Amino acid sequence: MAMEYESNNWIWEWMYNTPHLFGGLMLTAALLGFSTSYFGGIGNFPVSYAWSNLGFLLKKKRDKRRVRVYMDGCFDLMHYGHANALRQAKALGDELVVGVVSDEEIIANKGPPILSMEERLALVSGLKWVDQVIANAPYAITEEFMNSLFNEHKIDYVIHGDDPCLLPDGSDAYALAKIAGRYKQIKRTEGVSSTDIVGRILSSVNDNKGVGDNNSTLSRVYSGRRRQLQRGQLSQFLPTSRRIVQFSNGKGPGPNARIVYIDGAFDLFHAGHVEILKKARQLGDFLLVGIYPDYIVSEQRGMPYPVMHLLERTLSVLACRYVDEVIIGAPWEVTKDMITTFNISLVVHGTVAESNSSLPGETDPYAIPKSMGIFRLLESPKSITTSSVAQRIVTNHEVYMKRNAKKLQSEKKYYEEKAYVAGD
């Protein structure tokens, strides 16, 4: 009898996974008056017994708890590497809860953050794979916090990348989760890091020292071309079509969808970008985002922009939950053909943008949609810009260098005095 039960496991598995199909089959069998002897060939399977257990199987299917996974981080200078890590974490469960480390914990373990807690929360909440956010999470998974995750937040697994995360004392920040057997690991995204981005900006600042403030067309185009060469040397990102597909929604607009279009550089993707994209999405059914190619950003803004190249910026925008589709390398001017091709209903632009003077002879990029009565200027919810983020990075670095120089000077003085006393 036991062997017969084992041999019929595939039947129960099929019933569990396809209850509606099985129910339909049983109903058909009853209506046609099929004899239960028909099922004799598969181990004398009794229809009446199946009917009595079908309700139990359906309830079991409904009651299956969703797997909740947790991943934390500083998420300072949010980039596509962070987004890809959270995408991978979400794939290990049904719901992704993200902890954003507090400013105080970041200062104690890594130094002052560039973005505020509010800005980092906006960035993380704006990602399409995130279901819940926990603010002011600890840098290390303590026993108290781990119990809170498992009991209060119903977390099944703690997720982290395959790169080591060590505390100042050299211990593993995720040791307790590993000991508890509730730890899973994902692959780190190669080619980008917050440190790498800071390095790009600081390298550009150092290169610009001594360069005059020349805003001529020739000067700005030349500086843009030179910046592209620098960025190519600094960026190690190797884009693939598969990665773009992983970040994409894969869905087009409906037949009568109201399509909203917004364009920009979206360099150093920040909270201001998230908020303006959210506001634009609320005006229609489908948000199409145009991302300027590198040469347009360079010509319009000069050095050191763009900090992130086109495909890096594309992934950051695609990761945003409010974005449905992007145009990679969008034109500077919104043309009639473009509006017709993409069936655009409304073109919008934020009030906060980089304040660079227009190039000589340049036309209004929104002249066509304005003439068609489909343009709207949106009040930007935040004043943060790419330039202001870059300036914060430079300021933080200068403070760090001064503090280190002072520390070295004090240590030098201490050892000189010690050597003098020893000489006596």
Exercise. Given H placed on each backbone N at 1.01 Å, which residues far from Ser380 in sequence or on other chains put an amide H within less than 5 Å of it?
Worked result: Thr351, Val352
Exercise. Say R0 is 22 Å: what FRET efficiency, to the nearest 0.05, do Ala353 and Val394 get from their beta-carbon distance?
Worked result: 0.60
Problem set entry | Computed Kirkwood radius, in angstrom, where 1/r is averaged over Cα pairs of the range 68-186 | 14.3 Å
Exercise. Net charge near Asp162, counting Lys/Arg +1 and Asp/Glu -1 over other residues with Cβ under 15 Å of its Cβ?
Worked result: +1
Seminar exercise, completed: Note to self: C-alpha centroids of the range 248-286 and the range 100-136 sit apart, in Å, by 23 Å
Problem set entry | Per-residue SASA entry for Thr363, accessible area with 1.4 Å probe, Å² rounded to 10 | 80 Å²
Problem set entry | Calculated from backbone phi, Karplus (6.51, -1.76, 1.60) coupling profile of the range 163-180 in Hz, x at Gly/Pro | 7, x, 10, 9, 7, x, 8, x, 7, 7, 5, 10, 4, 5, 5, 5, 4, 6
Seminar exercise, completed: Ranked output for segments 86-95, 373-382 by mean other Cβ atoms within 10 Å, highest leading, reads 86-95, 373-382
For this session: Would you mind counting up the charge near Gly254? Only other residues with Cβ under 12 Å from its Cβ, with Lys and Arg at +1 and Asp and Glu at -1.
Result: 0
Problem set entry | Positive minus negative residues near Ser387 (Lys, Arg vs Asp, Glu; Cβ under 13 Å) | 0
Seminar exercise, completed: Toy charge model, Lys and Arg Cβ at +1, Asp and Glu Cβ at -1: the range 68-186 dipole around Cα centroid in debye, rounded to 20, equals 460 debye
For this session: Apply the Karplus parameterisation 6.51 cos²θ - 1.76 cosθ + 1.60, with θ equal to phi minus 60°, to every residue of the range 364-370 and state each ³J(HN,Hα) to the nearest whole Hz, in sequence, with x for glycine and proline.
Result: 5, x, 10, 4, 5, x, 5
Exercise. Stretched out fully, how many nm does the piece from Glu105 to Lys336 gain, at 0.36 nm a residue minus the Cα gap?
Worked result: 78.0 nm
Exercise. Of the peptides 100-113, 329-342, how do they stack up when ordered by the mean number of other Cβ atoms within 10 Å, highest first?
Worked result: 100-113, 329-342
Problem set entry | Tyr80, Tyr295, ranked by accessible area, largest first (probe 1.4 Å) | Tyr295, Tyr80
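The values are calculated or read from the model by the stated rules, or taken from the named source; none is laboratory data. All figures in this text were calculated on a predicted structure; none of them were measured in a lab. Quick reminder, even Gly has a Cβ in these numbers, built from the backbone with ideal geometry, and neighbours come from all protein chains shown. The protein model used for the area step is the full one, side chains on, heavy atoms only, and it has no ligands, DNA or RNA in it. Shrake-Rupley method; radii C 1.70, N 1.55, O 1.52, S 1.80 Å.
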